Amino acid sequence: MSRVLRWARSQPVTVVGVVGTLALGIGAATAVYAVVEAVVLRALPVRDPARLVWLWNARVERDRAPFSVLDLYDYRTQNTVLEGLAPFINWTANLTGTGDAERLEGVRVDPGFFDLLGVTASSGRLLGSADVRAQVTVLTDRLWRRRFGADPAIVGQDVSLNGSAYTVVGILPRGFVFPFRDAEIAVPLSLEMDPRRTDRGAGFLRVVARLKTGVTIREARANLDGIAARLRHEYPDANGKKLGVNIYPLDREIVGDARSLLLTLLAASGLLLLVACANIANLLLVAFASRRRELSLRVALGATRSRILEQILVEITALVLVGGTAGLLIGRELARVFVWWAGTMLPRLDDTGLSAGVCGFAIAATAGAALLCGLFPAWLLSDAPALALGDEGRSTSGAAQGRVRRAFVAAQIAMALMLLVATAMTLRSLARLQRVDPGFSRRNVLSVQLALPPSRYARPADLVLFSDRLHAELTAIDGVRAAAAVSLLPLSGLLNTQDYRAAGLPEPAPDEVPQAHFRMITPTYFQVMGIPLVAGREFSDADREATRHVAVVSWTLARRHWPDRFPLGEHLLVGRDALEIVGVCADVKQFGLEAGATADLYVPIRQMPPSQAQFVAARMYWVVETGGEPLAIADSVRKAVHGLDKDVATSSTRTLDQILQSSIGSRRFTGDLLRIAGLAGLVLAILGVYAVTAFAVGRRTREIGIRLTLGGTPSQVLRALLGAELRWIAIGLACGACGAIGVARLLSSILFSSGGVDLLLVLAVGGALAAASLAACFIPAWRALTIDPAIALRQG
């Protein structure tokens, strides 16, 4: 150990470079792995999570549709592949009585929901069959800590939800995530009390299920599709558009598209670590090359190659262990930064930390780095014959080391090119996504979501009265230009659809009845949102319950039935109502910037169907157009709401631009980290090229002096000096281009509008990397040429 310390003191720059590079490489990879493990790899805290699936109705118009109560009963009794299934529905609740009113996302769950999942409470108990009609609730660990300060005494106490007392019977374990991942609270679901229980066409139930042991998803789908076919035959009116059942692993449904993005980021961090290892290997080769005389002398005095190898490995291993330990600590802090940075963009981030798996990954990365950085250089350097007491260039061993250093540079160049192409593709895809027109204006508009107590806002008239009063309050705020309400804001992620028929057109078959996304709005909504009207007019205060019922349709819906004209004056049949089309608006991205256009149907909130009142009360969105910074009036908006009714909870107070950015949050997060990784890989690769070239040129200073003295021109000397370096750089670029094409093919399947493999992009990135590499080679060589030949001849 004393020998290691003496060597470290004699080579402080090398030690700092090796430890620092390795610490940053392992730290970055460990931090990314910690996020990936928490979000993607770590199993849900339930029994046998691999057999848990999410069931969706596959309909003509979409792949993921909810089930009706009657269909659920049939699937439950007729299937032979499921151990059990449990429905749930999204639910919102106003938590009052302890501080300000807070809107909570929650779920109503089947009494057997938690038994099916196989989850146990961390405190108290969970819901069971005896609770089907009880006023009881369970809290997530996150809500328990955030709102109630992790007070264990909350179990057994009552909390006020939507104005009713619910007894808290248990706390869910840390790390548990509901299938509806924003949910923080659960209450019992009683299907026998639901007014939609006898309507086979009323799909509103989400369903999770557990496969029987040994049953695959393909086998389960075949069985459930057979049941769907029978139901379609027996009930053509209600089930004509239901094609079958789609089945997805529950954990993947919870994570969504973040899975592929995070795995891409993990692969990128792995490439960065490999670039760092190649850089470190070169640093060690250069550092130990300066000790060739010492090592050769020890061989001449009788030291065996195994003894030399042991000494070098001990020294390298000590550096790697220090770098790996520092990397683990850096990774822990970086992971915390990533969690803060990602915010709510990714699920399950609360569990990110130094788990056993993360520590195991860091140890494995350190061990791998030790092998990559040390084993081959140590083996090569241990072969230092006694004859190699002179210049490196005069020994076969020295020439071999030169080739190895250049090979490491080529590997760095290849991996950096792959990393840069992945970064460029991701950033280009993100830029294209951000340029997509959402169909509404993103400037100077504030949105806020309200949750009204359903016991006091159960009728449309109650909602209309509240809306009129709130509209007056909001428009009286200084700086507010206009305000409007909508039942579902674009990009909210929620669904409300309605079957309809176009009057005067042929009656569609039961399996071809069209469906539209249903929105209830107040006057001036299109004006505030900046949604262009293609034809006709917007709603006004004159559109009331007693007047003719009207509608505005999106451009996609209009073209579906009237491709050659604007359907102003035409009628849509929705239930028992005939809605006259008075306007056509532009298409709006309702479910994501990468999603296609949807058929949207807007009706005045004053003419909403009574069955929609509870839905609107649970999540009423208001949008407020301002003359300046929208967030500046956020407090005034909240005060106006609470001034009208202190039990109305406000949440999600954001600008429309923030909503847009949040909708692509996971992609932006991945893109930002890839940008950092790509830049780091580029810097490491260029430093590697520079270091190897500088070392090689330095070893040939005397040769440079001789060539210049004998009349060699600078260009001739440059060609002689850089010929080998340039050949290896070219090899690295060629290998990297092949790898980059493979990376592009993989990424083209997960990136938005990637356009497949773009050879021009690969060539452009490769050209930029080549130019940077040439500059890194040229600088030390040119500096050597500026040395006085007489001085150069005295060196070496």
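The values are calculated or read from the model by the stated rules, or taken from the named source; none is laboratory data. This one's a predicted model, so the numbers in the text were calculated from it and none came from an experiment. Reconstructed Cβ throughout: ideal geometry from the backbone, glycine too, with neighbour counts over all protein chains shown. Heads up: the accessible areas ignore ligands, DNA and RNA and are worked out on the full protein's heavy atoms, side chains in. Shrake-Rupley method; radii C 1.70, N 1.55, O 1.52, S 1.80 Å.
At a glance:
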read-out	value
Answer label, with volume of the Cα convex hull per residue in Å³ calculated from the coordinates and candidates (i) 229; (ii) 205; (iii) 174	(ii)
Extended-chain gain in nm, criterion 0.36 nm per residue less alpha-carbon gap, Val337 and His233	31.9 nm
Net charge dipole size for segment 102-183 [Lys, Arg +1 and Asp, Glu -1 on Cβ; Debye, nearest 20]	180 debye
Expected 222 nm ellipticity per residue - DSSP helices of 4 or more, -39500 (n - 2.57), all of the chain, to 500	-16000 deg cm²/dmol
Inter-label distance, nm, simple model (7 Å from Cα along the C-beta direction), Leu573/Glu629	5.5 nm
Net dipole in debye of the chain [+1 Lys, Arg Cβ; -1 Asp, Glu Cβ; about Cα centre; nearest 20]	3260 debye
Extended-chain gain in nm, criterion 0.36 nm per residue less alpha-carbon gap, Leu427 and Thr80	120.2 nm
Förster-model FRET efficiency, 56 Å R0, Asp225 and Asp100, C-beta, rounded to 0.05	0.70
Projected label distance in nm at Arg727 and Ser129, using a 7 Å step from Cα toward the beta-carbon	8.0 nm
Cα→Cβ-extended label distance, 7 Å offset, between Thr167 and Ala546, nm	4.9 nm
Within the accessible area of the chain (1.4 Å probe), percent carbon and sulfur	58 percent
Amide proton proximity set for Arg200, modelled H, under 5 Å, gap of 5+	none
Derived scalar couplings ³J(HN,Hα) [segment 462-470; Karplus, 6.51 cos²θ - 1.76 cosθ + 1.60; whole Hz; x for Gly, Pro]	5, 5, 5, 4, 4, 4, 5, 5, 5
Selection from Ile659, Val550, Thr21 lying farthest towards where the dipole of the chain points positive, charges on Cβ	Thr21
Average accessible surface area per residue within segment 449-524, 1.4 Å rolling probe, Å²	41 Å²
Options Gln614, Met345, Ala730, ranked by Cα towards positive dipole end of the chain, top entry (Cβ charges)	Ala730
Karplus 3J(HN,Hα) series, Hz, for segment 65-76 with 6.51 cos²θ - 1.76 cosθ + 1.60 (x for Gly, Pro)	10, x, 9, 8, 4, 5, 5, 4, 4, 5, 5, 5
Packing rank of 771-780, 617-626, 565-574, 166-175, where each peptide gets the mean count of other beta carbons within 10 Å, highest leading	617-626, 166-175, 771-780, 565-574
Selected from Ala764, Phe669, Leu243, residue furthest toward positive end of dipole (the chain; charges at beta carbon)	Ala764
Other-chain or far-sequence residues with amide H under 5 Å of Val534's (modelled H)	Val584, Cys585, Ala586
Segment Asp511-Val60, extension gain: residue separation times 0.36 nm, minus the distance between their alpha carbons	161.6 nm
